[in-house]
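Enquirer: My questions will all concern the structure given below.
The values are calculated or read from the model by the stated rules, or taken from the named source; none is laboratory data. No experiment lies behind these values; they were computed from the predicted model shown. Using ideal geometry, Cβ is built from the backbone for each residue, glycine included, and neighbour counts are taken over all protein chains shown. These accessible areas exclude ligands, DNA and RNA; they are computed on the full protein's heavy atoms, side chains included. Shrake-Rupley method; radii C 1.70, N 1.55, O 1.52, S 1.80 Å.
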Amino acid sequence: MRFPPVRSAAVLAVLLVWAATLCAPIAAQESPSGWTRKALVTSRHAMVVAAHPAAVDAGIATLARGGNAVDAAIAVQLVLNVVEPQSSGIGGGAFMLFHDGRSGRLTVYDGRETAPAAATPDRFLDAAGRPLAFTDALVGGRSVGVPGLVRMLELAHRKHGRLAWSRLFEPAIAIADKGFRVSARLRASIADESTMPQERARRYFFNADGAPLAEGQWLRNPALAETFRQLAARGGDAFYEGEIARDIVETVTGSPVNPGDMTEADLAGYRARAREPVCGRYRGLTVCSVPLPSAGALTLLQILGMLETFDLAALGANSLMSAHLFSEAGRLAYADRDRYLADPDFVKPPPGLLDPAYLHERAANIRTDRTLGRAEPGLPSRTARGQDAAFGNGVAPELVSTSHFSIVDRWGNAVAMTSTIENAFGSRLMTRSGFLLNNELTDFSFVPVDDAGRAVANRVEPGKRPRSAMSPTIAYDSRGRVAIVVGSPGGPAIINYVAKTLIGIVDWRLDAQAAIDLPNIGSRNGPTELERGTTAELLQPKLDALGHRTRVVEQTSGVHAIVRTAHGWSGGADPRREGVARGY
């Protein structure tokens, strides 16, 4: 997809003001207790922002060796699999958004997991036809989808990579072989884990006395190092056929709880997809993200499209009305998401969801004196009228894990990539090959039909990809240049985290780090969620007075953003996690 320059004088004037103020000093944002305050990082030629310093180092080293953004993304992801195993890895899936600096083309690579051929819509119902409790559904083989990450990385590398595939595994192999020190975040994740029935996984993450690994403890994974050597030598076929594929199937079907039904044929038949991005306009920028089966782009662009009718710049970053409007737009967008969006190979979304007239109509529902409460889905087209009657809202818990990284290289290429094994530690099943398997199938609706007897669009079906909220995003300026590369982990709240950061940069003229640091606030068409330990808590009584049902909760985003400046790039890493930004 190519982007022509914007020639409107008014738009150009807005962009010139935005660019001139992008790097201007701003008032320091208050950091909640427990955060490590991070400084904005600048670079001339290239930058990597990811969830662990070792992964960032691998990405920078790959760029320095002559690799491009896709090469660096592969190296980063493989190291994250070693040092942040609870969040992502080859046992899961991902979406990559790639901007080709030479052609100007933007491509989505879809490595989302798929349901096994034996999966049926009642997969997460008990004997009485009631939806299972989330923990009862996620642990074990029943929740494991066919992993897509390796095929996706292979496809992107075949199209765009500069360095040999095998060289990209070297940093991860070295760390898995030699070991690394357990980070504070990994230690905390292990300490919080109480549902790990598989002995192999327990042996890896807990000491012999049953105590969780301690921060700073040395941890090696020689089995994963050997798996990486096989993938480096033979490519994706080493994963989807033969010994590793048999290991995956045996781990799923032999789970001590909830054994699954994945087969070697399911693995052999997996295909990654190249897709077209979904793009929209916001304050003169072209904002692009990933299409279905991720709801990221459609929901993100709906939120931005509705908020464009309000003067957020005048309202300010920490105001009651900004928080109210942001939450209300979220209610409306998530209502459409829950009703209409699913794997497009199974359910086509109604046209018109991003039509400006429809978004203006939806925004007109937002009042400044009180909340909407729970929003109903809209009717953007005649097709939607039929789907509104045909489809009901599902039940999908979609809890938090995942990892995101943003990369730009010296040739003008850019990658925004979000990857996941779904919940922290996924299905809690570790293969003999040294990696955790996802619980991605719990992103499907647990109920296949609603109380009115309407089918749920995001119900389980064989070969289907569960709906996602992953929102790797690239925004373009008036000259068609990459202006912002951003994304976040965080389950269904990902969309709100990315929207907040974009609004911080564009409307409130914050630098990347300050925009990321803003308190997380928003609604997913339920309670208005306010981030614990931040100034957002001060808004609770005022939002309650507008009728909001508020909840103060942990909102551990992991936003990683890169922004174009007059002198190169600036980058920010979320202080709520261990990520860093580095460049040259």
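Enquirer: Can you work out which of the residues in the range 416-470 that are among the hydroxyl-bearing types (Ser, Thr, Tyr) and in contact with a Pro (Cβ under 8 Å, 6 or more places away or on another chain) is surrounded by the most Cβ atoms within 10 Å (Cβ to Cβ)?
Expert: Restricting attention to the range 416-470, the residues satisfying the condition of being among the hydroxyl-bearing types (Ser, Thr, Tyr) are 418-420, 427, 431, 433, 442, 445, 468.
Restricting the remaining residues to those that are in contact with a Pro (Cβ under 8 Å, 6 or more places away or on another chain) gives 418, 420, 442, 468.
Numbers: THR418: 33, THR420: 31, THR442: 28, SER468: 30.
Taking the candidates together, the pick is THR418.
Enquirer: With ALA573, ALA536, ALA561, ALA545 as the choices, which residue is modelled with pLDDT of 95 or more, among the hydrophobic types (A, V, I, L, M, F, W, C) and in contact with a Leu (Cβ under 8 Å, 6 or more places away or on another chain)? Quick ask: steps written out before the conclusion?
Expert: Values: ALA573 fails: in contact with a Leu (Cβ under 8 Å, 6 or more places away or on another chain); ALA561 fails: in contact with a Leu (Cβ under 8 Å, 6 or more places away or on another chain); ALA545 fails: in contact with a Leu (Cβ under 8 Å, 6 or more places away or on another chain).
Among ALA573, ALA536, ALA561, ALA545, only ALA536 is modelled with pLDDT of 95 or more, among the hydrophobic types (A, V, I, L, M, F, W, C) and in contact with a Leu (Cβ under 8 Å, 6 or more places away or on another chain).
Enquirer: Name the residue, out of PRO4, PRO85, that is modelled with pLDDT under 95 and part of a loop (DSSP other than H, G, I, E, B). Can you show your working first?
Expert: On the way: PRO85 fails: modelled with pLDDT under 95.
On inspection, the qualifying residue turns out to be PRO4.
Enquirer: Got at least one residue in the range 201-220 being open to solvent by less than 90 Å² (accessible area, probe 1.4 Å) and within 30 Å of ALA118 (Cα to Cα)?
Expert: Of the range 201-220, the ones open to solvent by less than 90 Å² (accessible area, probe 1.4 Å) are 201, 204-207, 210-214, 216-217, 219.
Still in the list and also within 30 Å of ALA118 (Cα to Cα): 201.
The answer is yes, given that some residue of the range 201-220 is open to solvent by less than 90 Å² (accessible area, probe 1.4 Å) and within 30 Å of ALA118 (Cα to Cα).
Enquirer: Then there is this: For residues that are over 27 Å from the mean Cα position of the chain (by Cα) and open to solvent by less than 40 Å² (accessible area, probe 1.4 Å), scanning just the range 233-247, find the one that is nearest to MET430 (Cα to Cα).
Expert: First, pick out the residues of the range 233-247 that are over 27 Å from the mean Cα position of the chain (by Cα): 233-234, 241-243, 246-247.
Okay, now just the ones that are also open to solvent by less than 40 Å² (accessible area, probe 1.4 Å), so 242, 247.
Working: GLY242: 18, ASP247: 10 Å.
Once the filter is applied, the top-ranked residue is ASP247.
Enquirer: I'd like the full set of residues that are open to solvent by 10 Å² or more (accessible area, probe 1.4 Å), assigned to a strand (DSSP E or B) and more than 19 Å from THR114 (Cβ to Cβ), limited to the range 248-300.
Expert: Selection gives VAL278, CYS279, GLY280, ARG281, THR286.
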